[in-house]
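The values are calculated or read from the model by the stated rules, or taken from the named source; none is laboratory data. If you're wondering where the values come from, they're calculated on a predicted model, not measured in any experiment. Glycine also receives a Cβ, built like all others from the backbone with ideal geometry; neighbour counts cover every protein chain displayed.
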Amino acid sequence: MYIKTTGITLKSTPFKDRSNIIQLLSSDLGIISVIVRGISKKNLNLMAICSPFAISEIVLKKTNSDIYKLKEGSLIDVNLHIRKSLKYLKTASYMIKAIASAHFLADSKDMYLLLKTYLKKIALNPDAILVSFLLKLLQKSASLHLNTKCNVCEKEAQLIEGGESLCIDHGSDLAFKFSKEDFKKNFILCFSKSFSLIENLEISNILKEKINFLFKELM
Ligand SMILES: [Zn+2]
């Protein structure tokens, strides 16, 4: 049985002679492992498919184990722009790590499209892209319910606790506390459907760190 799908390569590990096992986010199957055989310098297409961030159209064969076999593959986009800066590379690697911990909680097509779009747009504003990506993952997997108003009293929200938005009076010491301005930024970063709103947002290191911690806590 053959399955045709598209996927983004997340990780590639050499395995035996001229073979790699790649971890792939497939638009139809979620995150899967695929064995790629016959890799050589003569087959640039296969080498490119095995490189992280590459997007390919692939035909897979199901095996008896959890690992699929690559039957055919053709590269769509190697996402070369990510390798033009260490900052882009670090951001993209972080996004890949994050999605590997989140994928099973949400729809695979949705996750695929999110990662694909965000990898493409990384150069716009890497910090804002990363924070937006993490917030969207949390929201899509229903771990975060971001709201401009407090969950309890409808006052302006400024805290996140247990994934809920709360005002300054209704959170405990364990809540993530944001400035009013940062809380609004979170809202834009989480729900914006347009990159023009995200592109010019300034993200402080404090905000970036808090969202990183929030992601680790909720995911
Ligand atoms: Zn309240």
Legend entry - Residue, farthest from the ligand (Cβ to nearest atom), within the stretch 129-158, restricted to residues that are under 18 Å from the mean Cα position of the chain (by Cα), surrounded by fewer than 18 Cβ atoms within 10 Å (Cβ to Cβ) and without any contact (Cβ under 8 Å) to a residue 40 or more places away in the chain: LYS140
Inset, instruction - Looking only at the stretch 91-99, decide whether some residue is without any contact (Cβ under 8 Å) to a residue 24 or more places away in the chain and touching a strand residue (DSSP E or B) at 6+ places or on another chain (Cβ under 9 Å). - result: yes
Legend entry - Conditions (1) at pLDDT 95 or above; (2) not in a helix (DSSP H, G or I); number of the one not met by LEU134: (2)
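Condition check: more than 21 Å from LEU197 (Cβ to Cβ), in a strand (DSSP E or B) and in contact (Cβ under 8 Å) with a residue 12 or more places away in the chain. Does ILE76 satisfy that? Before the answer, list the steps.
Details: more than 21 Å from LEU197 (Cβ to Cβ): yes; in a strand (DSSP E or B): yes; in contact (Cβ under 8 Å) with a residue 12 or more places away in the chain: yes.
Judged against the criteria, ILE76 is a match.
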Legend entry - Output for the stretch 160-173, where each listed residue is more than 9 Å from the ligand (Cβ to nearest atom) and among the aliphatic types (A, V, I, L, M): ILE160
Inset, instruction - Inspect the stretch 172-190 for any residue being touching a residue at least 40 places away in the same chain (Cβ under 8 Å) and in a loop (DSSP other than H, G, I, E, B) and give the result as yes or no. - result: no
